[in-house]
1. Below 11 angstrom from the Cβ of TRP46, what's the summed charge of the other residues (Lys, Arg +1; Asp, Glu -1)?
2. Quote the Stokes-Einstein diffusion coefficient, in whole µm² s⁻¹, for the stretch 440-507, based on the Kirkwood radius over alpha carbon pairs, a temperature of 4 °C and a viscosity of 1.567 mPa s.
3. Grab the Cα-Cα distance for GLU79 and ASN212, subtract it from 0.36 nm times how many residues apart they are, and report the gain in nm with one decimal.
4. Okay, which of the stretch 423-439 sit inside 18 Å, backbone N to the point 7 Å along the Cα-Cβ direction of PHE15?
5. First select every other residue whose beta carbon is under 11 angstrom from the beta carbon of ILE420; then total the charges, Lys and Arg +1, Asp and Glu -1.
6. Among the trypsin sites (Lys or Arg not before Pro) in the stretch 526-572, which ones are in a DSSP loop with at most 10 other Cβ atoms within 10 Å of the Cβ? Mind listing them?
7. Taking R0 as 25 Å, what FRET efficiency do you get between MET220 and LYS188 from their Cβ-Cβ distance, rounded to the nearest 0.05?
8. Determine the principal axes of the Cα atoms in the stretch 333-470, then give the extent along each, sorted from largest to smallest and rounded to whole angstroms.
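No lab work stands behind these numbers, since they all come straight from the coordinates. From a predicted model like this one, the values you see are computed outputs, not experimental measurements. As a convention, Cβ positions derive from the backbone with ideal geometry for all residues, glycine included, and neighbour counts pool all protein chains shown.
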Amino acid sequence: MTLDLTTMLPQLKSFDEYQAAYQESVSNPEAFWAGIADSFKWHKPWDKVLSWDFNTPEVSWFSGARLNISENCIDRHLEDRGDQIAIIWEPNNPQDKYRNLTYRELSKLVNQFSNVLEQQGVKKGDRVCIYMPMIPEAAVAMLACARIGAIHSVVFAGFSSQSLADRINDADCSLLITADGMIRGEKKIDLKQIADEAMEKSPGIRSCIVYNHKGFAMNMQPGRDFDWNTLMEGASAVHQPASMESEDPLFILYTSGSTGKPKGVLHTTAGYMVYSAYTFKNVFQYQDKEVFCCTADIGWVTGHSYIVYGPLLNGATTLMFEGIPSYPDPGRFWSLIEKHKVAIFYTAPTAIRSLEVFGTEPFEGKDLSSLKVLGSVGEPINEEAWHWYHENAGRGECPIVDTWWQTETGGIMISPLAGITKLKPAFATLPLPGVQLAIVDEKGTEIEGNGVEGNLCIKFPWPGMARTVYGDHERFKLNYFSTYPGKYFTGDGCKRDEDGYIRITGRVDDVINVSGHRIGTGEVEDAINEHGYVIESAVVGYPHDIKGQGIWAFVICDREHHSYEELCAEVKSHVTGIIGPFARPDRIQVVKALPKTRSGKIMRRILRKIAEGDTSNLGDTSTLIDPTVVDAIKQGAEEIR
Ligand code: WTA
């Protein structure tokens, strides 16, 4: 009998089992995680499961062990499931041919590309930037980096050349992997052209590998730019994976915070592997041979953990979708599920809300009987969207796992286990085994018991947690471990209801969540302030029916002789150029002054309330230098609402 690796990783099967596992994970965390880690392939066992100190902060899991995550994603499955499909690729245009890659085919590509990377001089520990469309080659590039021990830094292909250059330079990447371009919906994006602009500002890039996806015209700079296929033709399909230490870095992923430029969150190898695999198998209750589809982009953490690593570590079939929910029509998700017999479908509330407006007609004639589990991620899901998703996509039968987590957590932290945990719409419900939450008040005192509300912290390490901010450990400490010393602070607020169920209420810092994209208001302000028309700005989020939050910019201008329309167009295109289209302000309000305290701090709380349209109680405004500016802003807000 051959061992079925998928079933070796423990899967909780009942609520009692969940409770027992949770108890065990708290009372005996090292034994608990060691039991899970046992189902992977290690070159050398660990000396110690966990050492940690949240003050410094230093955390290390499975130290002393050696392994390779790409070997665990691929090679480990070849004997039993070499001919099983690893990746299904569904193109933007449903008329184009889709692709199926078996584990054996994926293995060949990853081995070849690992050899290509080594021939390009990439070594263990080097940083490689990946700026790619949603195509299997993006996953191949990630896995090949992991195989040779290089650290990948995937940059979402919606970022501008400036943002791409900033990320390349911050991580000091020596190689860039990109494509000629992509089409999403009807929008054509010339990735290579954007990459060319970025490379002009990134002197550290020695070479660029370009995958020709759409046959777009592009400039190839001899000596620097290389064609993916040409390099692959000459590459051997055999590659011995590098033996990595547990705490060797696996990837960097940039994410926004309250202040400063985006941070390069760093994840390491063994803990991330164990955590992404365990959460995938348990939250979604994945069963052998099922098709799993996550609609996130690989440029975000959801794509890393639940398109690539989590599913492949479990020997699953993962579907990668290149397109958007509304193209060629608002039934696209449902046709895709029908076409590929998707069993588990994981998407964002924004996508659900954007489809809700089309009613139930797009479901007509579609057979969604393959669906067993639905998932939601990235932002709070409102009850209405939850019910619509449940009734229409899920035929009123499929459980919805509302999964709360973050780039920094590496994997899902609070979520129902599909079909096991009793659901409550808009609640992420209960912490997964190994996740020790603490709800704290403003002073950092833990609020025990049920029926409480406060800021969400985590007080014990879990294997998937980020270890540092690349190149700036002090910032890691300051951002996450200093607000409430001894605890990891998530930046989110939450409620724990009478049943002990968690409902995430949203960010309590200056981060906003627009269509599931995490954006620092400070980043948008910096971009706006760079424009010649603008003296100063303040950006807040406001409730938006579809995007969850929209971006409201209050702007002080330096001249009067441009029209409001011109200003809006200028500011919007400027932000698009500096960050990307997803960070473009939805509303721009010209103001004469911003509400500032005597120490010069903008009182964002007031601006937030005005943008939300909730001006009945603006709280104490007596500390403002000039409280009358508030009335003027209130009035102006009504005019543009
Ligand atoms: C928010 C995405 C409510 C939250 C995986 C968090 C959520 C931020 C949920 C992280 C959820 C994510 N319910 N809010 N189920 N999931 N969030 O780093 O504010 O892109 O802090 O990771 O998204 O966003 P990130």
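1. Overall, the nearby charge balance is -2.
2. For these conditions, the coefficient is 100 µm²/s.
3. 44.7 nm
4. 423-433
5. 0
6. On the way: sites: LYS547, ARG559, LYS572; in loops: LYS547, ARG559.
Of the trypsin sites (Lys or Arg not before Pro), the ones in loops of the stretch 526-572 whose Cβ has at most 10 other Cβ atoms within 10 Å are ARG559.
7. 0.85
8. Reported extents, whole Å, longest axis first: 54, 34, 28.
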